[in-house]
Amino acid sequence: MKRGMMTLLARPWLWSFVGALIMWLAAITFTGGYGGGGMLTAALSLSVFTVIVGIGQMFVITLGPGNVDLSLPANIGLASAVAMKVMDGSDSRVALGLLAALGCGLCVGVVNYLLIRALRIPPIIATLSASFVIQSVDISYGRGLQIKPPPGFADFTNIQIFGVPLLALLTLLLVAGAGIVLHRLVFGRSVSAIGQNIRAAYLAGVKVEPIRFATYALCGVLGGLDGALLAGYFRGANVDIGNEYLLASIAVVVIGGTSVAGGKANIPGVWGGALFLVLLLTMLNTFGVSAGIRLLLTGLIIVAVITAAGGAKAAR
């Protein structure tokens, strides 16, 4: 029993799943057990989009203190508009539209890195500045865009298999691939090494700048993919479609057990954190809590998790 408890405490990301379960039980208790299955299906569907950008944000944060991509919401909004414009409502152009969204996200990631590298400014400032430029482009390009997604693509983003969204299953494969990259490939190990000690990583032969470049590019690509999928799921592009994913992408990383100090990432925790956040909002909506209170509680939860993680680190 004691060994089992120690094993559980050694995997703090499990608590994100426990928290998600508690939120779900609280919600269905309030509704008298009505709609529990549908609530889980909806939570899985909405969590997918947070998990995708959460993985990219996780890799960036793992690079070390100060590394965070604040351009994700603008990236998502622009990619959604680009994808819908290229697809032009035709199922035969879906692949081309997805490639365009990925290319758009890649460009954003590259620009973010170049700002950081060339101007020697902190990543948080560089990506925030980039987001303003991207938003301006998005407004001029996507404002008033009324192009609906191709019917086949829209249906694809909403397919369910025995109550489980197909996108959730595909995202599980993405998460598994990210886990392999993080723990088995040189790139993932290099990201962790840089986050633990950038100077030591450089002296050990890690190509620091190419790895940082690839990390920000990866985060940008995942943001672009998220924008295209969101446009399909919600039946159209929107300038503000990615706004909620700035806080969410950081929150799921922190709640899921990734260290904000860098060097320690946790893949499964991103899923747990996403489910926890979605089910938390579902529970608060069920209780009739206002939007302001929902944001306040989300912020307090993030602060509490960071504080707890810092305390645990100090204790060790």
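Binning at 10 angstrom from zero up to the longest distance, how are the C-alpha pair distances of region 100-146 distributed in percent?
Values per bin, smallest distances first: 26, 48, 23, 4.
Could you bin all the Cα-Cα distances of the chain into 10 Å bins starting at 0 and give me the percent of pairs in each, rounded to whole numbers?
6, 26, 34, 24, 8, 1, 0
Under 10 Å, Cα contacts only: if you run a Gaussian network model on the chain, which one of Phe59, Phe153, Phe162 comes out with the highest mean-square fluctuation?
Of Phe59, Phe153, Phe162, the Gaussian network model singles out Phe162 as fluctuating most.
Between Gln160 and residues 5 or more places away or on another chain, which pairs have amide H atoms under 5 Å apart, with H built 1.01 Å from N, and which residues are they?
Those qualifying (amide H under 5 Å, at least 5 residues apart or on another chain) are Leu166.
Test of understanding: in a Gaussian network model of the chain with alpha carbons linked when under 10 Å, which of Ile211, Ile194, Ile293 would top the mean-square fluctuation ranking?
In the Gaussian network model the winner is Ile293.
So, in Å, what gap is there between the alpha-carbon centers of region 63-93 and region 163-194?
20
Within the chain, how many lysine pairs that are 8 or more places apart, or on different chains, have C-alpha atoms less than 27 Å apart?
Total qualifying Lys-Lys pairs in the chain comes to 5.
Here, each number is a calculation from the coordinates, and none is a lab measurement. What you see is a predicted model, and the numbers here were worked out from it, not measured in a lab.
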